[in-house]
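Enquirer: I'd like to ask you about the structure that follows.
The values are calculated or read from the model by the stated rules, or taken from the named source; none is laboratory data. A quick note: this is a predicted structure, and the numbers were derived from the prediction, not measured. Every residue, glycine among them, receives a Cβ derived from its backbone with ideal geometry; neighbour counts consider all protein chains shown. These area figures cover heavy atoms from the full protein model, side chains too; ligands, DNA and RNA do not enter into them. Shrake-Rupley method; radii C 1.70, N 1.55, O 1.52, S 1.80 Å.
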Amino acid sequence: MRSEMSTVRDDEELSDDPFDVWYSPAIDRTVLRSLMRRTNTHGLLTLGIWLLLCIATGAIVGIARHTLWVWPAMLLYGGVLCFAYAASHECAHGTAFKSRWLNEAVFWFTSLVFIEEPLYRRYSHAEHHTHTWFNQRDPQKPYGNPLTLTRYLSGTFGLTFYLDAMRQLIRHSRGKFTPQELGFLPPLEIRRAIINSRLMMTCYAALLAAGIALQSPWPFILYFIPRFLGGCVVTLYINTQHMCMAEDLYDHRQTTRSIKCGWLERQLYWNMHYHIEHHLYPTVPFHALPRLNERIGNELPEPVDGVVAGNMDIWTAI
């Protein structure tokens, strides 16, 4: 990613090329290379914790399925399930595992759970890192400043994500891509993105059809409903990353927000609460971000005190 490559000086003029101007803190390159080492162990442990929590909270849904307690149970389970986002994100960078086949297998599965075609996710996210929070240039910037309360609520608690995700899957499965998407998707990958989109739609349709044909509640109470109910949980974390931060600046300290998290949050979120650090050095794996913070944290803003405080910052801005 370009944003990790250079340091801006006070006397430098900002150019149009972010390769020349992105702010970067001082860090020894030997240290940085050591932080960039990938392992399978950290990824498997973190993935295992998520899967075990999915099984445990899913079991609670099963136990409560004939009572009204099934609704809070599905919210709890869905909140855990939707942290597939974090694993998918790390795999999109190729830093979740040392073994490429393992990285790609987990990438496909977690992207399927989260409802985002993996190739589109990978290349749009690379573009997001190249043009972080630049209007008309960052494909993962769906809103601008000033943000409205309606846009915040619909994006966090509403149907916006699901409608947009399904429209995009349908469009991509038909081979329809926007000019912006064609700008960052390599031509040789477009056919694979079309096939992936069709496969994902087939999976969702088959799961839905099986539930209806067999008159079984399981596809609904273990995926469709929890995925909708729990989506807001992970979205509250995603909101803190860039929402209501500065726009169109070559400085991740101003366009990106880091937050503090507890141990379990860090496991589910794959350390993405170190979000400024991640944007400064996106090739550093998730497990090394705490050590990266030890090296450069004194040059960065103090992290916000948790996900609630991060969203309170956003509400204050609104």
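Enquirer: What's the Kirkwood radius of the chain in Å, using all Cα pairs? Don't skip to the answer; put the middle values down first.
Expert: Numbers: mean 1/r = 0.0485 Å⁻¹.
So the Kirkwood estimate lands at 20.6 Å.
Enquirer: Which angle from 0 to 90°, rounded to the nearest 10, does the C-alpha axis of helix 100-114 make with the longest principal axis of the chain?
Expert: Approximately 60 degrees, to the nearest 10.
Enquirer: Could I get the Rg over Rh figure for the stretch 219-302? Both from C-alpha atoms, Rh via Kirkwood, rounded to two places. Spell out each step's value before the answer.
Expert: Working: Rg = 14.9 Å, Rh = 14.1 Å.
Expressed as Rg/Rh, it is 1.05.
Enquirer: So, by mean Cβ neighbours within 10 angstrom, what's the order for 62-69, 157-164 with the highest one leading?
Expert: Per-residue mean Cβ counts within 10 Å order the peptides as 157-164, 62-69.
Enquirer: Taking all pairs of different Cα atoms in the stretch 59-202, averaging 1/r and flipping that mean, what Kirkwood radius in angstroms comes out? Don't jump to the answer; show the numbers that get you there.
Expert: Values: mean 1/r = 0.0591 Å⁻¹.
After inverting the mean inverse Cα-Cα distance, the result is 16.9 Å.
Enquirer: Note down the magnitude of the dipole of the stretch 146-273 about its Cα centre, charges +1 on Lys and Arg C-beta and -1 on Asp and Glu C-beta and zero elsewhere, to the nearest 20 debye. Don't jump to the answer; show the numbers that get you there.
Expert: Values: 13 positive and 7 negative charges, 63 e Å.
Taking the Cα centre of the stretch 146-273 as origin, the dipole is about 300 debye.
Enquirer: Across the stretch 27-127, how large is the tail of the calculated P(r) beyond 23 Å, expressed as a percent of all Cα pairs?
Expert: Details: 1975 of 5050 pairs.
Pairs farther apart than 23 Å: 39 percent.
Enquirer: Using Cα atoms only, what is the angle between the long axis of helix 118-130 and the major principal axis of the chain, expressed in degrees (0 to 90) to the nearest 10?
Expert: 30
Enquirer: Which of 257, 192, 266 moves most in a GNM of the chain, Cα contacts under 10 Å?
Expert: Residue with maximal mean-square fluctuation among 257, 192, 266: 192.
Enquirer: Whose amide H sits under 5 Å from the amide H of residue 304, counting only residues 5 or more places off or on another chain, with H placed in the peptide plane?
Expert: Here the answer is 258, 259, 260, since their amide H atoms fall under 5 Å of that of residue 304.
Enquirer: Let's see if you can work this out: charge +1 on each Lys and Arg Cβ, -1 on each Asp and Glu Cβ, no other charges. What is the dipole magnitude of the chain about its Cα centre, in debye to the nearest 20? Don't skip to the answer; put the middle values down first.
Expert: Working: 28 positive and 28 negative charges, 310 e Å.
The dipole magnitude comes to about 1480 debye.
Enquirer: Suppose the chain between residue 260 and residue 167 were pulled fully straight at 0.36 nm per residue; how much longer would it get relative to their current alpha carbon spacing? Numbers along the way, then the final one.
Expert: On the way: separation 93, 0.36 × 93 = 33.48 nm, distance 3.45 nm.
Computed gain between residue 260 and residue 167 is 30.0 nm.
Enquirer: Oh, and also: For the chain, what does the accessible surface come to per residue with a 1.4 Å probe? Please give it in Å². Before the final figure, lay out the partial values.
Expert: Working: 15440 Å² over 318 residues.
Computed with neighbouring chains in place, this is 49 Å² per residue.
Enquirer: Taking springs between alpha-carbon atoms closer than 10 angstrom, which of 56, 246, 73 fluctuates most in the Gaussian network model of the chain?
Expert: In this elastic network of the chain, the residue with the biggest mean-square fluctuation among 56, 246, 73 is 56.
Enquirer: A further question on this structure: Using only Cα atoms and rounding to the nearest 10 degrees, what angle (0 to 90) does helix 225-242 make with the longest principal axis of the chain?
Expert: 10
Enquirer: Counting residues in the stretch 148-278 as N, plug N into 2.2 N^0.38 Å and put the Cα Rg over that result. Present the calculation step by step, with values, prior to reporting the outcome.
Expert: Working: Rg = 18.2 Å, N = 131, 2.2 N^0.38 = 14.0 Å.
So the stretch 148-278 has a normalised radius of gyration of 1.30.
Enquirer: While we're on this one: Taking only the Cα atoms of the stretch 212-256, how large is their convex hull per residue, in Å³? Walk me through the numbers before you get to the answer.
Expert: On the way: hull volume 4.1 nm³, N = 45.
Enclosed volume per residue, from the Cα hull, is 91 Å³.
Enquirer: When only Cα pairs under 8 Å and 6 or more residues apart are kept, what is the percent relative contact order across the stretch 95-163? Walk me through the numbers on the way to the answer.
Expert: Values: 27 pairs, mean separation 9.4, N = 69.
Dividing the mean separation by the residue count of the stretch 95-163 yields 14 percent.
Enquirer: Next question, about the same structure. Where the accessible area of the stretch 104-174 is counted over protein heavy atoms with a 1.4 Å probe, how much of it, in %, is carbon and sulfur?
Expert: Ligands and nucleic acids excluded, carbon and sulfur give 63 percent.
Enquirer: Report relative contact order for the stretch 86-212 in percent, whole number only (criteria: Cα-Cα under 8 Å, sequence separation at least 6).
Expert: 22
Enquirer: Report the FRET efficiency, 1/(1 + (r/R0)^6), for residue 150 and residue 208, where r is their Cβ-Cβ distance and R0 is 25 Å, rounded to 0.05. Kindly include the intermediate steps, with their values, before the conclusion.
Expert: Details: r = 30 Å, r/R0 = 1.20.
Rounded to the nearest 0.05, the efficiency is 0.25.
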